[in-house]
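Right, one structure below, let's go through it.
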Amino acid sequence: MTEPSEDRSVNPDASRRESYSLPGLVVTNRRFEVPLDHADPDGERISIFAREVVAKERRADDLPYLVFFQGGPGSQAPRPEAKGGWLGRALDRYRVLLLDQRGTGLSTPVHYQTLAARGDARAQADYLARFRADAIVADAELIRRELIGDERWAVLGQSFGGFCVLRYLSVAQEALSAAFITGGIPPLDRPAEDVYRATYRRVARQNREFFARYPQAQALARRVADHLLAHEVSLPNGQRLTVEAFQQLGMEFGGSGGFERVMDLLERAFVSVNGREELFYPFLHDLFYELGFNDRPIFSVLHEAIYAQEAATAWAAHRVRAEFPEFDYAPGKRFLFTGEMIYPWMFDQYPALAPMKEAAELLAAKDDWPRLYDVAVLERNRVPTAAALYFHDMYVDLDLALETAARVPNLEVWVTSEYEHNGLRADGARILDRLFDLLPVVDHA
């Protein structure tokens, strides 16, 4: 990998001036310049933002780094508030670098507003194709060399962040002292269709559990769906609320407390106005917030591309859905919510996605995606690696994750039914303790 020339990189010492204190923490804002296209290191540059966090009592210590890769794709790193949770546990051993992956947070942003300046749909698609895990890891490698030279650091990946960790293990094992994964081990060579076929089954199971817990929810969900079929209803941003968009509320089923959040919405769905039943504005407001596709365009445009290797995804989730007709609602039929799937109709219905529709179609048809994982390298993995996988995970199929784990030596796996996909956020200190215990003492030299 070609390093940026000294005069084109942000000096990390300069970024140290942007420091502030939080309860138990010292935070330093850092900014780095990296190539948009790592195959063209002298071409266009973009900015990557990261927060370096250290425990206040250890700020003078020579601690190794742990880099956090957030889930998504297209989500920024969490903003620290105090020394607690998984971050507090990690800070007992490390300085933590919270990376706003390219296109997210305070890094050079990706949104329909910024994409318009790229030109036509082809130019936009070419630009967006450079925001996958391979580029994210290449960014991290440049940042590592700028911060610590040839020293190694550890990595922690949550959900899609775990996909980034597997990419890292494929291309730069020499850079890593240890690797930790929570809820995110990707298939190494399966097509996207296999992923969605497995996850539709998991979503169906979550629906069964939800409606068994709240038997009255089925009638409420059908009332909402039937109302949407009979009336034109708009969300607070003017977007028409359709049955298929309402079904996407099932994304909440993948995290702890998701059943309760959905039930709370359903119970508040209707209001009577002069004897006429309407969908209640507070319900529509909260539903708009939960359907967060308008403010995370990378998630929508590149979600299927995180599985793409030398083949087009061609709207895999949409095509595979035909194998599961139980998800297609009609009056009198049992209602089911959907899950973490992206559909082409979303680029007609969601206002912030509509300007990217042509680019999204081009990306769905792209059949020359480079490989993300080098199976031969992973099968010789030397980096101590530990992963927490969740038995009930709705987003990442456990069987596919274990299939990959079995091919990667030095990868220790803890499978638990105690948590949903957001286990790291829900009980991160305990989960990190378990992962740390799975590994031998790590030499960071």
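FYI, it's all coordinate maths here, none of it is from the lab. Keep in mind that what you see is a predicted model, and the values were worked out from it rather than measured. Note that each Cβ is placed from the backbone with ideal geometry, even for glycine, and that neighbours are counted across all protein chains shown.
Key figures for this structure:
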read-out: Positive minus negative residues near Thr182 (Lys, Arg vs Asp, Glu; Cβ under 15 Å); value: -3
read-out: Helix-only [θ]222 nm of the chain, DSSP H runs n ≥ 4, -39500 (n - 2.57) each, per residue, nearest 500; value: -10500 deg cm²/dmol
read-out: Region 192-365: translational diffusion in µm²/s, Stokes-Einstein, Kirkwood Rh over Cα pairs, 25 °C, 0.890 mPa s; value: 145
read-out: Pairs of Cα atoms farther than 15 Å apart, region 207-295, %; value: 58
read-out: Three-way shape call for region 242-285 based on the alpha-carbon gyration tensor, with the a/c threshold at 1.5; value: prolate
read-out: Within straight-line cross-link reach of Lys357, lysines at Cα separation under 21 Å, skipping those fewer than 8 residues along the same chain; value: Lys366
read-out: Cleavage-rule hits, trypsin sites (Lys or Arg not before Pro), region 254-312, DSSP coil, Cβ neighbours within 10 Å at most 16; value: Arg268
read-out: Cα centroid separation - region 242-289 against region 60-129, whole Å; value: 30
read-out: Length gained when the stretch Ala311-Asp40 is fully extended (0.36 nm per residue, less Cα-Cα span); value: 95.2 nm
read-out: Overall form of region 307-425 per C-alpha gyration tensor (a/c, 1.5; a/b vs b/c); value: oblate
read-out: Between region 362-435 and region 310-361, the Cα center-to-center distance that results, in Å; value: 25
read-out: Reach of Lys56 by Cα under 29 Å, taken over lysines that are not fewer than 8 positions away in the same chain; value: Lys83
read-out: Axial C-alpha extent at least 18 Å, average Kyte-Doolittle at least -0.5 - helices from the chain (DSSP); value: 133-148, 217-230, 423-438
read-out: Ranking of Val54, Val233 by count of other Cβ atoms within 10 Å, fewest first; value: Val233, Val54
read-out: Region 301-445 - percent relative contact order, Cα under 8 Å, separation 6 or more; value: 22
read-out: Cα-projected label distance for Ala116 with Glu174, points at 7 Å along beta-carbon direction, nm; value: 4.7
read-out: Gain upon complete extension [Arg208, Arg380; 0.36 nm per residue less C-alpha separation]; value: 57.8 nm
read-out: Inter-site label distance for Glu277 and Arg145 at 7 Å from Cα along Cβ, in nm; value: 6.4
read-out: Whole-number percent relative contact order across the chain, with pairs defined as alpha carbons under 8 Å at least 6 apart; value: 19
read-out: Gain upon complete extension [Arg240, Arg319; 0.36 nm per residue less C-alpha separation]; value: 26.1 nm
